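Written below as structure tokens is the structure these notes are about.
The values are calculated or read from the model by the stated rules, or taken from the named source; none is laboratory data. Keep in mind that what you see is a predicted model, and the values were worked out from it rather than measured. FYI the Cβ positions are ideal-geometry reconstructions off the backbone, even for glycines, and counts take in every protein chain you see. Please note that ligands, DNA and RNA were not included when accessible areas were found on the heavy atoms of the full protein model with its side chains. Shrake-Rupley method; radii C 1.70, N 1.55, O 1.52, S 1.80 Å.
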Amino acid sequence: MQFILASASPRRKELLSYILTSFDVVPSQAEEEVNISLFPEQMACSLAERKCDAVFKKNRQKTVIGCDTIVVYNGEILGKPKNREDAVQTLKKLSGKTHLVMTGVCVQNAFKKVVNFEVTEVKFNILTDEFIEKYVNGGSPMDKAGSYGIQDEGVVKEYFGSFTNVVGLPVTLTKKMIEEVLNSDE
């Protein structure tokens, strides 16, 4: 069985390589529109499923893995920053506070589709304006939900749950989902 990761994220590609020895990368062109009527975990799953479906339509003989990560703070969903100023404001908002990171995962092949999610609680260090400026100027926040990477030094004080979930692909959950989908075609 051949696999496809429906994401251009180099971090997701690296994490999936912990589970699978071989897979193709086909970034999804699905719209990442947010449906505010959904609960955050439903939204993460819906976005992951939409990405997975878009790639699966053209690759029906393969197993496709799609995912989407969102950050939730005080009920507000924080996606990727729109621009530099948005990244600065998001980091100031999260400074010294706790938030949730949710990654929706969808795995499907011709026999089965499963959708699930992982939640990790993350607490930020207190970030100075100087740190935020330097961090944003370095470019790291611009392609990440919540405007940060857990792997970046100085941002995160502690977390409770899956580290790989915050990076963008909950490895243990994804492995179980792949096994479930593969076992369905026997």
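Considering segment 153-186, and only residues there that are among the polar types (S, T, N, Q) and surrounded by 20 or more Cβ atoms within 10 Å (Cβ to Cβ), the residue that is farthest from residue 92 (Cα to Cα) turns out to be 174.
Could you check how many residues of segment 95-123 are over 30 Å from residue 62 (Cβ atoms) and surrounded by fewer than 24 Cβ atoms within 10 Å (Cβ to Cβ)? The total comes to 8.
Within segment 22-31, the set of residues being closer than 24 Å to residue 81 by Cβ and either surrounded by 12 or more Cβ atoms within 10 Å (Cβ to Cβ) or not acidic (Asp, Glu) (or both) comprises 25, 27, 28, 29, 30. State yes or no: is residue 19 assigned to a strand (DSSP E or B), open to solvent by less than 50 Å² (accessible area, probe 1.4 Å) and touching a residue at least 24 places away in the same chain (Cβ under 8 Å)? The answer is no for residue 19. Any residue at all in segment 147-158 that's in contact with a Gly (Cβ under 7 Å, 6 or more places away or on another chain) and of a type outside the set (Phe, Trp, Tyr)? Scanning segment 147-158, I find no residue that is in contact with a Gly (Cβ under 7 Å, 6 or more places away or on another chain) and of a type outside the set (Phe, Trp, Tyr), so the answer is no. Entry remark, segment 141-152: residues being open to solvent by 40 Å² or more (accessible area, probe 1.4 Å) and at pLDDT 95 or above number 0 in total. Has segment 102-114 got at least one residue that is out of contact with any helix residue (DSSP H, G or I) (no Cβ under 8 Å at 6 or more places or on another chain) and either closer than 21 Å to residue 38 by Cβ or free of Cβ contacts under 8 Å to residues at least 12 places away in the same chain (or both)? No, that holds for no residue. Checked against (1) at pLDDT below 95; (2) under 16 Å from residue 168 (Cβ atoms); (3) assigned to a loop (DSSP other than H, G, I, E, B), residue 70 meets all criteria but (3).
If you check 68, 143, 152 for being in contact (Cβ under 8 Å) with a residue 24 or more places away in the chain and more than 17 Å from residue 41 (Cβ to Cβ), only one passes: 143.
Evaluated against (1) modelled with pLDDT of 95 or more; (2) part of a helix (DSSP H, G or I), residue 41 falls short on exactly one condition, (1). Within segment 27-53, residues that are within 19 Å of residue 114 (Cα to Cα) have Cβ atoms under 7 Å from residues that are basic (Lys, Arg) and at pLDDT 80 or above in these pairs: 28/51; 30/50; 30/51, counting only partners at least 6 apart in sequence or on another chain.
Residue 85: exposed (fewer than 14 other Cβ atoms within 10 Å of the Cβ), more than 15 Å from the chain's Cα centre (by Cα) and either at pLDDT below 95 or in a helix (DSSP H, G or I) (or both), yes or no? So residue 85 fits the description; yes.
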